[in-house]
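Reviewing the structure listed below.
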């Protein structure tokens with residue numbers, strides 16, 4: 001399997017939408033990616049595709065978010081969402097390679113942290129821990145063990161606490 005990971009380009013947009021629709025069995029995630037791509041929270045270098053033989057088989061997106069404390073101080077972070085792999089080749093490590101590549105690129109771009117709402121047994125493999133460690137809360141009613149964070153650099157979430165503020169585009173799907 002000759003897997004390559006690269007930044008998305010304009011020619012990939014329709015295929016990325018299809019991958020998310022196939023992976024999730026609905027169009028919401030594909031629509032979310034399209035909305036986020038047109039927002040000021042989009043970081044082009046953090047929209048990555050996985051390809052095999054020049055065909056897109058997976059996609060991951062990291063977008064800018066804020067964490068607001070009780071005094072309305074805001075701290076920058078990233079959201080990892082969504083990630084999708086073509087159903088017929090899931091469970092082959094492609095998602096993990098996309099996550100690692102995205103985290104490495106985010107570090108290169110000097111982002112300090114990432115937040116994810118995801119599977120409690122999957123994301124800890126990449127260093128994610130429940131955000132309760134920093135007193136960071138989800139704006140949604142979710143189990144605390146599913147809402148996780150990762151410091152991309154030492155102390156990336158030091159003195160950060162509050163509620164995550166996702167881009168408004170998350171509300172529209």
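What do you reckon, is residue 79 touching a strand residue (DSSP E or B) at 6+ places or on another chain (Cβ under 8 Å) and within 16 Å of residue 42 (Cα to Cα)? So residue 79 passes the test.
All of (1) farther than 22 Å from residue 46 by Cα; (2) modelled with pLDDT of 95 or more hold for residue 70 with one exception: (2). Screening segment 1-44 for residues that are assigned to a helix (DSSP H, G or I) and without any contact (Cβ under 8 Å) to a residue 12 or more places away in the chain and picking the one that is nearest to residue 111 (Cα to Cα) gives 10.
One residue stands out in segment 117-132 among those that are surrounded by 14 or more Cβ atoms within 10 Å (Cβ to Cβ) and not in a loop (DSSP other than H, G, I, E, B): the one that is nearest to the chain's Cα centre (by Cα), namely 117.
Would you mind finding the one in 114, 160 that is surrounded by 13 or more Cβ atoms within 10 Å (Cβ to Cβ), more than 25 Å from residue 50 (Cα to Cα), at pLDDT 95 or above and touching a strand residue (DSSP E or B) at 6+ places or on another chain (Cβ under 9 Å)?
Details: 114 fails: more than 25 Å from residue 50 (Cα to Cα).
Selected residue: 160, the only one of 114, 160 that is surrounded by 13 or more Cβ atoms within 10 Å (Cβ to Cβ), more than 25 Å from residue 50 (Cα to Cα), at pLDDT 95 or above and touching a strand residue (DSSP E or B) at 6+ places or on another chain (Cβ under 9 Å).
Among the criteria (1) crowded, with 20+ Cβ neighbours inside 10 Å; (2) farther than 23 Å from residue 119 by Cβ, the one residue 58 does not fulfil is (2).
The values are calculated or read from the model by the stated rules, or taken from the named source; none is laboratory data. Because the structure is predicted, anything quoted here is derived from the model rather than measured. In this analysis, Cβ positions are derived from the backbone assuming ideal geometry, glycine residues included, and neighbour counts consider all displayed protein chains.
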